[in-house]
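These notes are about the structure you will find just below.
The values are calculated or read from the model by the stated rules, or taken from the named source; none is laboratory data. A quick note: this is a predicted structure, and the numbers were derived from the prediction, not measured. As a convention, Cβ positions derive from the backbone with ideal geometry for all residues, glycine included, and neighbour counts pool all protein chains shown.
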Amino acid sequence: MSAADNVVYAKETAAVAMPTGDVVAIRRGDRYDADAPVVLRCPGFFTTDARVGLDDVEQATAAPGERRNVRRG
């Protein structure tokens, strides 16, 4: 098992109440150890997919054959 196998990423942004009374804030895309208490408490909030939280980059130019509305002032 490599170190990468022991890592998960938050699928949600949430506040998780722990049994100790503490509240742990998680943010979408943040990386956690798979055995972290917050991960063990709410495993459905996490995934092994490292692409979670990466924003799509807006395409700045039109694709071939795509028409865009242009406003000129």
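Among all residues of segment 47-55, there is none that is more than 12 Å from the chain's Cα centre (by Cα) and either modelled with pLDDT under 90 or exposed (fewer than 15 other Cβ atoms within 10 Å of the Cβ) (or both).
On the stretch given as segment 16-39, residues that are surrounded by 14 or more Cβ atoms within 10 Å (Cβ to Cβ) and in a strand (DSSP E or B) total 4.
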